[in-house]
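Below is one structure; the comments refer to it alone.
The values are calculated or read from the model by the stated rules, or taken from the named source; none is laboratory data. Because the structure is predicted, anything quoted here is derived from the model rather than measured. Note that we place each Cβ from the backbone using ideal geometry, even for glycine, and neighbour counts take in every protein chain shown. Note: areas computed on protein heavy atoms with side chains; ligands, DNA, RNA excluded. Shrake-Rupley method; radii C 1.70, N 1.55, O 1.52, S 1.80 Å.
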Amino acid sequence: MIPMRHLWLVLAVAGCSEPGGSDVTGPFTGDEHRYAVVAIHIPSDASAAERFAADLDGDGMPENQFGAITSLLATTNDLSLNASDMIASGAIASRVEIKADDLTNDPTVGVRYLGAEGDVAVVAGGTLVSGAFRSNRTATTRVPGAATLRLPVYTNADPLTVELVGMELDLDPDGRGGFDAVVRGGLRVDHARAIAYAGLVQMFETEPARHVVFARGIDADRDSVLSRNELDNSVIALLVKADIELVDAPAISFAFGVHLSPCTSEGCGRGTVAEPCRDRVHNGNETDVDCGGSCQPCAPAKHCMMAADCQSNACDGGSCAAWSCRNSLRDGYESDVDCGGACGECATGRACADDADCATGQCNQGVATLGTCLP
């Protein structure tokens, strides 16, 4: 592993190997200034998505496909609102490091975004003018930055580990010693789908009853298991698709905002957790991460101490038992107690998520709401 004290030199030399005409490539000198990511702003509507967007591929149009996806998640209340809790708990411990001789005006500055301690990030070269930093632009640079990000996207799910390529950074001083920043770049399509699908399944399994209609639209064989093939053939794949060409490959445009606060000699502060059942760490009387005890019931295979800790209302040897079609309880992706989906057809008058849930083949469900089996 490269010692951290040598990493700036290695990255600066690497950046100088194929410089673009106006690329800032180092060497990067001066003090290393460390800033904690104390707030993360994931786009929750079209306005926010547009505000963070920029022309990433040189076609003259601003792009942010990621923002379009997260805006849609917000309309169904599936976008995480607990970034501050994850930062306070340490589930997200990201920082930005600025290598500069002068934090006001410096023509040769290197900035790294570290999603977690130990990450090796590719420096983004740029300039500081009147305290504002602009890195090499994604659309034109031959030496783009890169980073591994930890981002809260799905509600009730772990932060996504995002491998960002073609990264550019804008940092504007906030007047209090920190920065308001925008992070942009792209995601390789295969990587984007892998993390999007994993997070989606975790969100579904954490609160299956709330996502029955959504899950039913994906679960083509109705076995209560959302396979990668089913996800690849669902409406989700239509959203997680390339919209730009980046670093000689199709990519999904990506942009979001963060707020940075200076780290002190004592370290980078975390803050106070407001919602301990949503901070993505195992604490308090939880039997597993954010579930059991006084938090919501746990999904199958999660740790438990008693039946009430589990969605299935069954704790077997310290682990929550699997969902069942015969436990007189609505659990898993059932639309009603012990029926719907993998549990077979429901009788007239019982809740349904689609026509196939009903013995009569008729369900009056809405777009995202359960209905009732009709006669």
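At a glance:
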item: Top positive-direction residue, dipole computed over the stretch 156-284 with Cβ charges, set Ser234, Asn156, Pro173; result: Asn156
item: Leading residue at positive end of dipole, the stretch 187-282 (Cβ point charges), from Val273, Val212, Ala255; result: Val273
item: Accessible solvent surface per residue of the chain, calculated while the other protein chains remain in place, 1.4 angstrom probe, Å²; result: 44
item: Reference-scaled alpha-carbon Rg (2.2 N^0.38 Å with N residues) for the stretch 217-375; result: 1.42
item: Computed magnitude of the charge dipole of the chain (debye, nearest 20; Cβ of K, R +1, Cβ of D, E -1); result: 380
item: Positive minus negative residues near Ser335 (Lys, Arg vs Asp, Glu; Cβ under 14 Å); result: -4
item: The stretch 168-252 shape via C-alpha gyration tensor axes, a/c threshold 1.5; result: oblate
item: Three semi-axes of the equivalent ellipsoid, the stretch 149-218, Cα gyration tensor, whole Å, largest first; result: 31, 16, 8
item: Rounded, prolate or oblate (a/c below 1.5 giving rounded, otherwise prolate when a/b exceeds b/c) for the stretch 214-281 by Cα gyration tensor; result: oblate
item: Packing-based order for 346-358, 307-319, using average beta carbon neighbours within 10 Å, highest first; result: 346-358, 307-319
item: Inter-site label distance for Asp174 and Asp221 at 7 Å from Cα along Cβ, in nm; result: 4.9
item: The chain: antiparallel DSSP beta bridges as a percent of all, rounded to 5; result: 95
item: Principal axis box of the stretch 126-187, alpha-carbon based, largest edge first, Å; result: 41, 34, 13
item: Charge dipole (debye, nearest 20) of the stretch 36-83; +1 at Cβ of Lys and Arg, -1 at Cβ of Asp and Glu; result: 260
item: For the chain: rounded, prolate or oblate by the Cα gyration tensor [a/c cutoff 1.5]; result: prolate
item: With every protein chain in place, the chain: carbon and sulfur % of accessible area (1.4 Å); result: 53
item: Reference-scaled alpha-carbon Rg (2.2 N^0.38 Å with N residues) for the stretch 297-364; result: 1.23
item: Furthest towards positive pole of dipole, Trp323, Thr127, Cys295, structure part the chain, Cβ charges; result: Thr127
item: Proximal charge balance of Phe256 [Cβ under 14 Å; K/R count +1, D/E count -1]; result: -3
item: Relative frequency of Cα-Cα separations exceeding 27 Å in the stretch 30-188, percent; result: 22
item: Taking the chain and dividing mean pair separation by its residue count, relative contact order in percent (alpha carbons under 8 Å, at least six apart); result: 15
